[in-house]
Every structure is written in structure tokens, then in C-alpha cells.
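Engineer: Below you will find the structure I want to go over with you.
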Amino acid sequence: MTRKCRHCRAEIPPKAKADHWQRAGFCNVDCMSRHGLEKAHKAWQRKVARERREKRREQRARKEALKSRSQWLKEAQAAFNAYIRARDRGLPCISCGRLHEVEQQAVGGTWDCGHYRSVGANPELRFEPLNAHRQCKQCNRDMSGNAVNYRLGLIERLGEAKVAWLEGPHPARKYTIDDLKTIKARYRALTRELKRGEEA
């Protein structure tokens, strides 16, 4: 049976008394040497890559340990807002009903995540999906949420009972750092899931 060199894949000629490199599966001593060097180099590359990954993980962990509650709140809010924009992709503005603004925004995109009950006045509803919808920047920023038309759009989309629940009293909520980490992770995962569904 003809054997092939483990390094160059050339056929190893049969010999009555095989040399030690042939017994090891190589056609000559140079192939055996190069194979050993390449194997050692790949092992070294894997070790360097593993050390870099571990270093990056340690740096991320140190950075996260230094983050304040307000930084975690900002990141959790950004993850939630991104989810709402992805969830409502293709829907018109909740307030004015436009699908596209006349002029596309050059900075920050065309669409916002607009809250019906504002985050400042009702922080307990800041992460409530029923309270947030895709809204054009003109309604959300220039018209302070365009609240009257927002309410009409909500009634049409959700029904009066859910709007009444949003407008009712809600218990105060104080988010801990662990709460905010969980919220950020949850909404990032939901956004990825929506994007995967769009690609499928």
C-alpha cells in the first residue's frame, strides 16, 4: 500500500529498511522538520489568540466594574430603543402616520423610539414596550412627542383598554445595576432575533 507524506503529500517510496522519518510518515527529513515547525507555529498562534481573548475579557470586566448606574441605565435604554425601532420596522410613525420623512436625517437616522408617557415623568414605564413606538424625529423631537396624535395612534394600534392601563397609576420602580444589565441583555437578544427573522 502506497503511503503519502504527512507534509507535502508526495508518495513515500517503499524501502526494505525505512528510515526513521519514513516510519513517522514523511518522505524526507526536511518534510519532517518543516511539519514540526509548522505545528509548533500553529500551537503558538493558538496560544497568542487565546491570551488576547482572555485579556480582552479581563479588560471588559474591569470596564464594566467601573461603570456607574447612570451608564448602565443609558446602555439599557439604548438597547430598548433599538429593539422598539426593529420591532416597528416598516410601520408608520405612531403620531403622524408617515412612513418616510420628506428629508432623511443625516445624523442619527430618521426614526426614534418615542415614549407615550415620557421617561422623565414616568420612569417606571421607560422599559414598557406598550409605551414605546417607532416615531419620526419631527414628531418626537420638534413636536415634543406629538402627544394628542400619539394617543390616537395608540388607541388604533392597541385598543382603549391598553391605553387606559398606560395612563393609569403604576408603582414606582428603582432599577438596580443588575436589573439594568438584565434589561440590556434581554433587549439586545430580542433585537438580534428580529434581525435574524428578517434575514431568513
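Engineer: Restricting the search to the stretch 95-109, which residues are at pLDDT below 90 and either of a type outside the set (V, I, T) or surrounded by 15 or more Cβ atoms within 10 Å (Cβ to Cβ) (or both)? Spell out the reasoning first.
Structural biologist: Applying the first criterion (at pLDDT below 90) to the stretch 95-109 yields 98-109.
Hits for the stretch 95-109 are R98, L99, H100, E101, E103, Q104, Q105, A106, G108, G109.
Engineer: If you don't mind, another one. Does K39 qualify as being within 30 Å of R6 (Cβ to Cβ), at pLDDT below 95 and in a helix (DSSP H, G or I)?
Structural biologist: Spelling it out, K39 is indeed within 30 Å of R6 (Cβ to Cβ), at pLDDT below 95 and in a helix (DSSP H, G or I).
Engineer: Here's another thing I want to ask about it. Looking at the stretch 153-171 only, could you name the residues that are out of contact with any helix residue (DSSP H, G or I) (no Cβ under 6 Å at 6 or more places or on another chain) and touching a residue at least 40 places away in the same chain (Cβ under 8 Å)?
Structural biologist: Across the stretch 153-171, the qualifying residues are G153, R157, E167, P171.
Engineer: Could you identify the single residue in G153, G145 that is modelled with pLDDT of 95 or more, under 16 Å from D88 (Cβ atoms) and surrounded by 14 or more Cβ atoms within 10 Å (Cβ to Cβ)?
Structural biologist: G153
The values are calculated or read from the model by the stated rules, or taken from the named source; none is laboratory data. Note that the coordinates shown come from a computational prediction; the quantities given were computed from them, not determined experimentally. Glycine gets a Cβ as well: all are built from the backbone with ideal geometry, and neighbour counts include every protein chain shown.
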